Structures are given as structure tokens and as C-alpha cells.
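Encoded as C-alpha cells, the structure appears first; notes follow it.
The values are calculated or read from the model by the stated rules, or taken from the named source; none is laboratory data. Given the structure is predicted, the values throughout are model-derived calculations rather than measurements. Please note: Cβ atoms are built from the backbone with ideal geometry, for glycine as well, and neighbour counts cover all protein chains shown. For accessibility, only protein heavy atoms count, side chains too; no ligands or nucleic acids. Shrake-Rupley method; radii C 1.70, N 1.55, O 1.52, S 1.80 Å.
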Amino acid sequence: VQLQACGGGLVQAGGSLRLSCAASGRTYSKGWFRQAPGKERIFVASIAQNDITRYDESVKGRFTISRDDAKNTVDLEMNSLKPEDTATYYCAGSMGVRVETRTDYWGQGTLVTVSS
């Protein structure tokens, strides 16, 4: 399965962006991770086959993950963006129940920059 992410860019603090990721095949769970410069890649959000969603505490209430299985896509709506959200965002797919514990596929990453 190949994943292609898009939607990153430059936005001012308090603004919004929507990331989208298209998959070449189906996965059970999908999600987003991010990696800030000089830091490790960390979990952001996930959505399972039964639409159960999980979020890192730092984005709860601001980010919303959604999936469209007919199109094999997973989106991340990001609102009230903060400079600390600046990172390269990676979409991910898994044949397991939780993509944050078992990641089988990675997208190429899309850069999100939030200016203060």
C-alpha cells in the first residue's frame, strides 16, 4: 500500500489547515504522526475501521481525523494552530487495530509551518 499526503503549507497561528492522504489500497486503521526538527516522530491522531478515534493530548479539541473508505483517504482537519504544531506530518496505515502501535505503511510527509 502506498500513501500520498498533501495539504501542508504555511499558516499563521490561530489558522487552519486540512491534510489529506490517499492510499493505493485498504488498511484497517489509519493515522497521522508528526516530526518536528530535531525531534522524534510522534503520534498525532488515528481512526480505526469502526471509526473509533484517538488523539494525542496536545491536539485534542483542535484536530479532527476522518476517513473515507470508498476513496481510501484519511484527512486531518487542524484548527487553532500553534507554532508548536510546526512539523512534517506523515500519514500512516496499519493492518492492525491501532496504527499507533503497529504501523505498516508510511506516506512521504507534508510540511506544516505555523508562524507566530
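Sorting Ile65, Ile42 by accessible area puts them as Ile42, Ile65; the probe is 1.4 Å, largest comes first, and only protein heavy atoms count. The HN-Hα couplings worked out from phi for segment 95-108 by the Karplus form 6.51 cos²θ - 1.76 cosθ + 1.60 (θ = phi - 60°) are 8, x, 6, 10, 5, 6, 10, 9, 10, 9, 9, 10, x, 7 Hz, whole numbers, x standing for Gly and Pro.
Taking the 1.4 Å solvent-accessible surface of the chain as the whole, the part contributed by carbon and sulfur is 48%.
Heavy-atom accessible surface of Glu84, to the nearest 10 Å², is about 130 Å², with a 1.4 Å probe and all protein chains retained. Over the chain, Cα pairs under 8 Å with separation of 6+ residues give a relative contact order of 37 percent. Accessible area per residue for the chain is 51 Å², calculated with a 1.4 Å probe on protein heavy atoms, without ligands, DNA or RNA.
For the chain, taking a cut-off of 4.7 Å between Cβ atoms, the unpaired cysteines are Cys6. Give the shape of the chain as rounded, prolate or oblate, defined through the alpha-carbon gyration tensor: a ≥ b ≥ c are the square roots of its eigenvalues, a/c under 1.5 means rounded, and otherwise the shape is prolate if a/b is larger than b/c and oblate if not. In terms of gyration-tensor shape, prolate.
In segment 62-116, inverting the average of 1/r over every pair of distinct C-alpha atoms gives 12.7 Å as the Kirkwood radius. Rolled with a 1.4 Å probe across the full set of protein chains, the surface gives Arg34 an accessible area near 20 Å².
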